[in-house]
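Participant: For reference, the structure I am asking about is given below.
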Amino acid sequence: MPGKDDRRLRVGVLGCGPIAQAAHFESAAKGRNTELHAICDVADDLRARMAATWAPARAYADYAEMLADPALDAVIVATSDAFHVRAAAMALEAGKHVLCEKPLGVSVEEVESLRPLLARSGRMLQVGHMKRFDAGIEAAKAFVEAEMGQRLALKAWYCDSTHRYAMTDAVQPLIVRSARARRPAEDPKADLRRYYMLAHGSHLLDLARHLFGPIEAVDARLTERFGAYSWLIAVTFADGTLGQLDVTVAVRMDWHEGFQLYGEKGSVVARTFNPWFYRSSEVDIFREADASWHRPLGADGHFYRRQLEGLADTILHGAPLRGADLEDGIASVRAMVAVARSAATRREIALADATGPV
C-alpha cells in the first residue's frame, strides 16, 4: 500500500457488525489519508474483539461518548438500515462529518429530515454507494459526460447468485458475531421484497442515476417463483432517455451484474463483479469516430477504501465531493419507494409522488 499522507481524517466506525468487519475497518486503516481513530458498539464482546484486531485509539460502548471525542473528525455509520438516519443526525448535530452506509434510510420522510440538519451543521454527508468508486464505472461516467453525445438508452442488471456465499466466504474475513448486538425491533428479513430492494435495488437505482441522470418515473413488474424475486423496471429519465433495469435475487448461475449504454457517438458494455472480489468492472467503451474499443484496467478495485479516501480529500483539502451526497441518497430511497408502489399497483409511478416507507 502507498504511504500515509501527513494530514489524515480521524474516523470512527459506529457498529462492529459484518459490513464494518468486511469493509470499513480495513478502509480506514489502509486509507492513504485516513486513520481508524475509534470504534463503537454496544456489544462488549464484539467491540473488544474488534479493538484487539484493529487497534483503534479508542473504543466506545456509547455512541454519544464517541461523538463527544474532540479528536474525532468523521463517523462511518455501519449499523442496520433502520438506525442510519438517527445515527447520521446525531453525528451532524455533534459537528462530525458522515459516511453513511447505503441505503441512507428506509422511508422518504426520514431521509428528508436530514436536510435542515446537514445545512445547519456545515459538515459533509456522503452515502455509501461505493460502486461510484469503481474505476471502470468512473471511466464509463466520464465517457457519457464528455464524449457520448446525446444519450439513447440504458440497460442495467443486478442479479445476486445462489452461489454467492460459497464465493464470498472464501475471500471475506471470518465474520465475528455477538448475541449482544443491537438489532432493529422488526427483523429486516421478515419482508424479503423490502429487504432485497433495500440491499440490492438501491445499488442499481443509484448506478442508473449516476450514469444517466435523474429518474423521473418507473414502471415495475415483480415476479416471485421458487423463492426467487425478479423486478423488471422500465425507467424514464428526466431528459427523456429510457432505461430497463433488472433486479433478481437469486439467479441460478454466477453473480450477474452489468450495464449497456447506447449513445450518439458510442456505446459502453460493462460487466461488474461481486464487490467482495475487489475487482473493477470490465468496461468496454466503443468510440464511433474511429470504430475502436477501449478498456481501462482499473487496477485499484478497493471501492470501500477509495470512497473513504474521496470523502477525506473533500473534507481535508476542499476537493469536489465525488460520492453520493444527501440528495442522491434521498433520490435513491424515493426510487425504491416508487418501484415498490409500481410493482404493487401495476402502473407507472412518478418519483415526485413517491412517499412513505420502502
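What follows is calculated from the coordinates using simple rules that are stated; it is not laboratory data. Here the structure is a predicted model, which is why all the values come from computation and not from measurement. Positions of Cβ are generated from backbone atoms using ideal geometry, with glycine treated the same way; all protein chains shown enter the neighbour counts.
Participant: Nearest 500 deg cm²/dmol is fine: what mean residue ellipticity at 222 nm does the chain get from its DSSP H runs of n ≥ 4 alone, each adding -39,500 (n - 2.57), divided by its residue count?
Facilitator: -9000 deg cm²/dmol
Participant: Contour minus end-to-end for residue 180 and residue 64, with contour as 0.36 nm per residue of separation and end-to-end as the Cα-Cα distance?
Facilitator: 39.9 nm
Participant: To test your reading of the geometry: what angle, between 0 and 90 degrees and rounded to tens, separates the Cα axis of helix 135-146 from the longest principal axis of the chain?
Facilitator: 50
Participant: Under a plain spin-label model, where a point goes 7 Å from the Cα along Cα-to-Cβ, how far apart in nm are residue 163 and residue 187?
Facilitator: Label at residue 163, label at residue 187, 2.9 nm between them.
Participant: Kindly write out, for region 324-339 in residue order, the coupling ³J(HN,Hα) from the Karplus curve 6.51 cos²θ - 1.76 cosθ + 1.60 (θ = phi - 60°), rounded to whole Hz, with x marking Gly and Pro.
Facilitator: 6, 9, 4, 5, 5, x, 5, 4, 5, 5, 4, 5, 5, 4, 4, 4
Participant: Measure nothing but the geometry: give the 0 to 90° angle between the long axis through the Cα atoms of 202-212 and the longest principal axis through the Cα atoms of the chain, rounded to 10°.
Facilitator: Here the helix axis deviates by roughly 60 degrees.
Participant: Tell me, what is the Rg over Rh of region 1-76, with Rh the Kirkwood radius over Cα pairs?
Facilitator: 0.95
Participant: Could you give me the radius of gyration and the Dmax of region 187-233, taking only the C-alpha atoms into account and expressing both in angstrom?
Facilitator: Rg, Dmax (Cα atoms, Å): 12.2, 35.
Participant: Can you give the angle from 0 to 90° between the axis of helix 44-54 and the longest principal axis of the chain, with both taken from C-alpha atoms, to the nearest 10?
Facilitator: Compared with the principal axis, the helix lies near 80 degrees.
Participant: In the neighborhood of residue 85, defined by Cβ-to-Cβ distances under 11 Å, what is the net charge if each Lys or Arg adds +1 and each Asp or Glu adds -1?
Facilitator: Charge balance in the 11 Å sphere: -3.
Participant: Still on this structure: Mind checking which of 256, 114, 226 is farthest towards the positive end of region 106-261's charge dipole, using Cβ charges of +1 (Lys, Arg) and -1 (Asp, Glu) about the Cα centre?
Facilitator: Result: 114.
Participant: Would you please state which residues of region 35-71 a label at residue 317 would reach in this model, taking the label point 7 Å out along Cα→Cβ and a backbone N cut-off of under 19 Å?
Facilitator: Counting only backbone N, you get 35-36.
Participant: Further, regarding this structure: Would you mind calculating the gained length between residue 142 and residue 228 on full extension (0.36 nm times residue separation, minus the Cα-Cα distance), in nm to one decimal?
Facilitator: Extra length available between residue 142 and residue 228 comes to 27.5 nm.
Participant: Hey, rough spin-label estimate for residue 244 and residue 264, points 7 angstrom out along Cα→Cβ, what's it come to in nanometres?
Facilitator: If labels sit at residue 244 and residue 264, their model points lie 2.4 nm apart.
Participant: What list of ³J(HN,Hα) couplings, whole Hz, do you get for region 269-282 from phi and the Karplus terms 6.51, -1.76, 1.60, once you set θ to phi - 60° and write x for glycine and proline?
Facilitator: Karplus values, whole Hz, x for Gly and Pro: 10, 9, 10, 10, 9, 3, x, 6, 7, 6, 10, 4, 4, 7.
Participant: Let me ask you something else. Give, in nm to one decimal, the length gained when the segment between residue 284 and residue 347 is fully stretched (0.36 nm per residue of separation minus the Cα-Cα distance).
Facilitator: Full-extension gain reported as 19.2 nm.
Participant: Another question, if that's okay. Could you list the square roots of 5 times each eigenvalue of the Cα gyration tensor of region 7-131, that is, the equivalent ellipsoid semi-axes, sorted largest first and rounded to whole Å?
Facilitator: Working from the Cα gyration tensor, I get semi-axes of 22, 15, 14 Å.
Participant: Please identify every one of the chymotrypsin sites (Phe, Trp or Tyr not before Pro) in region 55-104 that sits in a loop by DSSP and has no more than 10 other beta carbons within 10 Å of its own beta carbon.
Facilitator: Those that pass, being in a loop and sparsely packed, number zero.
Participant: Residues with beta-carbon under 10 Å from that of residue 23, excluding residue 23: net charge, scoring Lys, Arg +1 and Asp, Glu -1?
Facilitator: Cβ neighbours under 10 Å give a net charge of -1.
Participant: Dividing the alpha-carbon Rg of region 200-305 by 2.2 N^0.38 Å yields what?
Facilitator: 1.19
Participant: Filter the GluC sites (Glu not before Pro) in region 139-217 down to the DSSP loop ones having no more than 16 other Cβ atoms within 10 Å, then list what survives.
Facilitator: 147, 186
Participant: Moving on. Using only alpha carbons, build the gyration tensor for the chain and give me the equivalent ellipsoid semi-axes, biggest first, whole Å.
Facilitator: 32, 24, 21
Participant: Just to confirm the filter: which chymotrypsin sites (Phe, Trp or Tyr not before Pro) across region 163-269 are DSSP coil and have at most 14 other Cβ within 10 angstrom of their Cβ?
Facilitator: 226
Participant: I need the phi-derived Karplus couplings for region 182-195: 6.51 cos²θ - 1.76 cosθ + 1.60, θ = phi - 60°, integer Hz, Gly and Pro marked x.
Facilitator: Calculated HN-Hα couplings, in order: 7, 10, x, 4, 10, 5, x, 8, 5, 10, 5, 4, 5, 4 Hz.
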